[in-house]
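In what follows, a single structure is set out as structure tokens and then discussed.
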Amino acid sequence: MNKWRELTPKSIRHKLMLAAITCILVPTAFTLIIYNSLTQEAVKHQAIANADDSLQLVNGAVTNRLKGMLMIANYVQVNPGLKAYFKLVASGNEDKDPYQRFMNANRVLEQLDSLTVAGEQSYVTVLLNSGSYFMNYSVSDFNPGDLERKPWFEELTGLRGLDSYWIGAEETDFSYDKFDHPYQVTVARTLRLDSTEIYGYVAVTIMEDQLHGIFDNLSGGQKVVLLDESGMIVSSADSNSLGRPFPHSEAIAGMKGTSVLSIKGEKFLVAQQPVSSVGWRLVLMQPYKDSIVNISSIFNRVFVIQLLSFVVFLLLLITLVRAFTQPLMRLGKATTAVQRGNLLVRSGVRGNDEIGRLGFLFDQMLDRVQEMISEVSDTQARKRKAELKMLQAQINPHFLFNVLNSIRMKVMKRGDPESAKMIGSLSMLLRMTISREEDEIFLHEEIDLVSHYVGLMNLRQKEEARLQLEIAPEAFLIKVPRFFLQPLVENALIHGLSQQPGLICITAAMKEQVLVLTVQDNGRGMNEDELAGISRKIAAGEDTASGKEEAKGSFSGMGLHNVVERMRMLFGDGFAIAVRSNPGTGTVIEMHIPYREEQHDV
């Protein structure tokens, strides 16, 4: 906390600047954080939507190309004319006439050629169990009988009905296209009799670049691959990866739809869609930073503009705060000079605003302070002269006490102990009165003072009043005001007992950090009207006796009112007093004085 307080600005100017910067910086930073978060989310959704749209277009084109291959196979498989002719050839029952056989075979070849005239080049091969074959290409390019030596040929026997067997990327078999089109994709089906016995096979082949040529139309950075069921690459712009496992199969395993994945520490936008009727799937991959570069650049420009405007307005605000607080700085320097004792300095700040009026009043206050200092200096000088004269006229208290003690000793030597006792009590009372010690004394000292006072009063009266003390031991060392009991005892002697013989009882006890002290006499007492009048005057702060009478016949000149006022000033609301009296039985004054622990000087 101390280090934090040291870092806290000390001047009002710096505090205002810090508050202004905080009030601008915090909302701005909060807004920019939210803006950036929402922007990134919007950019991400837009990039995913763009990737889905691109892959959807690619998927439609690839699906159409593969469906074209299936349509050719379907035509060969279900065409009644071709189907009947192939069955005759496979069973060895075709026409014996060579010319007729040639014409029939030529008709079949024309139909096979017509299947691929409108679209991309496709190679159609019909291979019968009898060893006969029909195709739309030259035997010099590829011998159809070599299909039986393909590693996948035996898998065709497991097909049923219109089931198809798709063969992924493999090296091109057709010698004419090997150089320009190194890889091919094939779909194969079986030709079956009604008894489901296989009598032949049909295979439709296209060049692999017909598929990956579709991918070339995508935007920069987008790479699409076609994968088979086992995750092998069927088609890709990278010919070296064909027929190999897709390197990121584990990363996209279990992924559905389109999402952003972290692969080898780099974020990629990955989308995949299944290719209908084939069982293959298309996978699109693009570095995430490339997918959002166009959209993100717009938001980045907006961010830069906001940041620049924030800096400009912040500098403007600091300049204005410095200008507005310049008078305060001058006032601060002036107050510092005044604190060092230079009362001749003036701020000189003037204006119609609050700071201008403050500067004017501050200078006016310094003028008034100088005038008051001059007046006080003159007064103090006069006061010091008066005190000097008064001290010169004072009698030394020790001289007075020593003379009284000497008189007391001579009286005792002449055999008058009562007079000596009276002189000793008077000496004690005068010592307590004239003493310049603290105003508070211990309770036992106040009890001694009251005892001496009662002794003196008994010497004045014909008949003595008896003083009874019931003081708890723990109350003796309680600090109380000097002469707070004497006026109460004096009231009991003069008004209660009317200077007649009687009993005055003083009790003191501690109750829960409160000193409960009572002064009780067995004098004439008071009726209800008198008691109500005294209680009302005590509550209202009025004197309970006439000033002339009290001052004339009393020792200290203080009445009950003065005692109450002193106690309330010292103890506040914690002090309480109550007066109870009945005619003929006496009067009781009970005081509750809060106990204050003494604070010793260190």
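Of all residues in region 336-348, which are more than 17 Å from R368 (Cβ to Cβ) and loosely packed, with under 12 Cβ neighbours inside 10 Å?
T336, Q339, R340, G341
Being under 12 Å from L218 (Cβ atoms) and in contact with a helix residue (DSSP H, G or I) (Cβ under 8 Å, 6 or more places away or on another chain) is the filter here, so list the residues in region 269-286 that pass it.
Scanning region 269-286 gives A271, L282, L284, Q286.
Taking the options A509, A532, name whichever one is over 22 Å from L429 (Cα atoms) and part of a strand (DSSP E or B).
After ruling out the rest, the residue left standing is A509.
Being at pLDDT below 85, out of contact with any His (no Cβ under 6 Å at 6 or more places or on another chain) and in a helix (DSSP H, G or I) is true for just one of I72, I34. Which residue is that?
Result: I34 is the single residue among I72, I34 that is at pLDDT below 85, out of contact with any His (no Cβ under 6 Å at 6 or more places or on another chain) and in a helix (DSSP H, G or I).
Starting from region 476-491, take each residue that is open to solvent by less than 10 Å² (accessible area, probe 1.4 Å) and list its partners that are outside any loop (DSSP other than H, G, I, E, B) and of a type in the set (K, R), counting only C-beta distances under 6 angstrom and pairs at least six apart or across chains.
P481/R566
Each row is one residue, and each column tells you yes or no for (1) touching a strand residue (DSSP E or B) at 6+ places or on another chain (Cβ under 7 Å); (2) without any contact (Cβ under 8 Å) to a residue 40 or more places away in the chain; (3) at negative phi.
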| position | (1), (2), (3) |
| --- | --- |
| L284 | yes, no, yes |
| I292 | no, no, yes |
| I298 | no, yes, yes |
| V302 | no, yes, yes |
| I305 | no, yes, yes |
| L315 | no, yes, yes |
| G341 | no, yes, no |
| R350 | no, yes, yes |
| D353 | no, yes, yes |
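Would you check which residues across region 456-498 are among the acidic types (D, E) and either within 21 Å of M422 (Cα to Cα) or assigned to a helix (DSSP H, G or I) (or both) and list them?
Once the filter is applied, which keeps residues that are among the acidic types (D, E) and either within 21 Å of M422 (Cα to Cα) or assigned to a helix (DSSP H, G or I) (or both), region 456-498 yields E463, E464, E474, E490.
If I filter region 349-362 down to residues being touching a helix residue (DSSP H, G or I) at 6+ places or on another chain (Cβ under 8 Å) and of a type in the set (A, V, I, L, M, F, W, C), which single residue comes out as farthest from I373 (Cα to Cα)?
In this case the residue turns out to be I355.
Under 6 Å by Cβ, and 6 or more places apart or on different chains, what pairs join a residue from region 2-30 that is under 11 Å from V321 (Cβ atoms) with one that is at pLDDT below 70?
Once the first residue is under 11 Å from V321 (Cβ atoms) and sits in region 2-30, its partners that are at pLDDT below 70 give K15/P9; L18/P9.
Among the residues of region 202-235, count how many are crowded, with 18+ Cβ neighbours inside 10 Å and without any contact (Cβ under 8 Å) to a residue 40 or more places away in the chain.
Qualifying residue count, region 202-235: 3.
Under 7 Å between Cβ atoms, which residue pairs at least 6 apart in sequence (or on different chains) link something in region 451-475 that is touching a residue at least 60 places away in the same chain (Cβ under 8 Å) with a partner that is open to solvent by 30 Å² or more (accessible area, probe 1.4 Å) and of a type in the set (F, W, Y)?
Between residues of region 451-475 that are touching a residue at least 60 places away in the same chain (Cβ under 8 Å) and residues that are open to solvent by 30 Å² or more (accessible area, probe 1.4 Å) and of a type in the set (F, W, Y), the close pairs are Y453/F555.
Kindly evaluate S276 against the criterion of being free of Cβ contacts under 8 Å to residues at least 60 places away in the same chain, more than 29 Å from I34 (Cβ to Cβ) and of a type in the set (S, T, Y).
Spelling it out, it is not the case that S276 is free of Cβ contacts under 8 Å to residues at least 60 places away in the same chain, more than 29 Å from I34 (Cβ to Cβ) and of a type in the set (S, T, Y).
Q272 - would you say it is within 21 Å of K178 (Cα to Cα), at pLDDT 85 or above and surrounded by 17 or more Cβ atoms within 10 Å (Cβ to Cβ)?
Judged against the criteria, Q272 is not a match.
Can we say I494 is under 15 Å from G559 (Cα atoms) and in contact (Cβ under 8 Å) with a residue 40 or more places away in the chain?
yes
Let's see how each residue does on (1) modelled with pLDDT of 90 or more; (2) of a type in the set (D, E):
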{"residue": "A540", "(1), (2)": "no, no"}
{"residue": "G547", "(1), (2)": "no, no"}
{"residue": "E565", "(1), (2)": "no, yes"}
{"residue": "A576", "(1), (2)": "yes, no"}
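Could you list, in sequence order, all residues of region 303-327 that are surrounded by 12 or more Cβ atoms within 10 Å (Cβ to Cβ) and under 29 Å from the mean Cα position of the chain (by Cα)?
Correct list: F303, Q306, L307, F310, F313, L314, L317, I318, V321.
Given the conditions (1) surrounded by 12 or more Cβ atoms within 10 Å (Cβ to Cβ); (2) small (G, A, S); (3) assigned to a helix (DSSP H, G or I), and given that G351 satisfies all but one, which numbered condition is not satisfied?
(3)
Kindly indicate which of L443, L404, L459 is closer than 25 Å to I504 by Cβ, out of contact with any Phe, Trp or Tyr (no Cβ under 8 Å at 6 or more places or on another chain) and either modelled with pLDDT under 75 or open to solvent by less than 80 Å² (accessible area, probe 1.4 Å) (or both).
Of the residues listed, the single one that is closer than 25 Å to I504 by Cβ, out of contact with any Phe, Trp or Tyr (no Cβ under 8 Å at 6 or more places or on another chain) and either modelled with pLDDT under 75 or open to solvent by less than 80 Å² (accessible area, probe 1.4 Å) (or both) is L459.
Taking region 323-335 only, how many residues are of a type in the set (S, T, Y) and closer than 21 Å to I373 by Cβ?
Residues meeting the conditions: 1.
Being open to solvent by 50 Å² or more (accessible area, probe 1.4 Å) and farther than 22 Å from P481 by Cα is the filter here; which residues of region 506-531 pass it?
N522, R524, N527, E528, D529, E530
Any idea which of (1) surrounded by fewer than 16 Cβ atoms within 10 Å (Cβ to Cβ); (2) over 30 Å from I252 (Cβ atoms); (3) at pLDDT 80 or above; (4) not acidic (D, E) is the one G359 doesn't satisfy?
For G359, the exception is condition (1).
Looking only at strands (runs of 3 or more DSSP E) that lie completely in region 79-192, which have at least 1 residues being loosely packed, with under 15 Cβ neighbours inside 10 Å and either modelled with pLDDT of 85 or more or not acidic (D, E) (or both)?
165-171
Within region 194-210, how many residues are closer than 15 Å to D180 by Cβ, in contact with a helix residue (DSSP H, G or I) (Cβ under 7 Å, 6 or more places away or on another chain) and at pLDDT below 90?
1
Output the number of the condition that E464 fails; it satisfies all remaining conditions of (1) over 20 Å from H592 (Cα atoms); (2) at pLDDT below 75.
(2)
Would you mind telling me which numbered condition in (1) without any contact (Cβ under 8 Å) to a residue 60 or more places away in the chain; (2) surrounded by 14 or more Cβ atoms within 10 Å (Cβ to Cβ); (3) not in a strand (DSSP E or B) S249 fails?
(2)
Every residue, every condition in (1) farther than 19 Å from N136 by Cα; (2) in contact with a helix residue (DSSP H, G or I) (Cβ under 6 Å, 6 or more places away or on another chain); (3) free of Cβ contacts under 8 Å to residues at least 40 places away in the same chain; (4) hydroxyl-bearing (S, T, Y), yes or no:
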site	(1), (2), (3), (4)
V43	yes, yes, no, no
I48	yes, no, no, no
Q56	yes, no, no, no
G60	yes, no, yes, no
T63	yes, no, no, yes
N74	no, no, no, no
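The values are calculated or read from the model by the stated rules, or taken from the named source; none is laboratory data. The structure presented is a predicted model; accordingly, all values stated were derived computationally and were not measured. Positions of Cβ are backbone-derived with ideal geometry, glycine not excepted, and every protein chain shown enters the neighbour counts. Heads up: the accessible areas ignore ligands, DNA and RNA and are worked out on the full protein's heavy atoms, side chains in. Shrake-Rupley method; radii C 1.70, N 1.55, O 1.52, S 1.80 Å.
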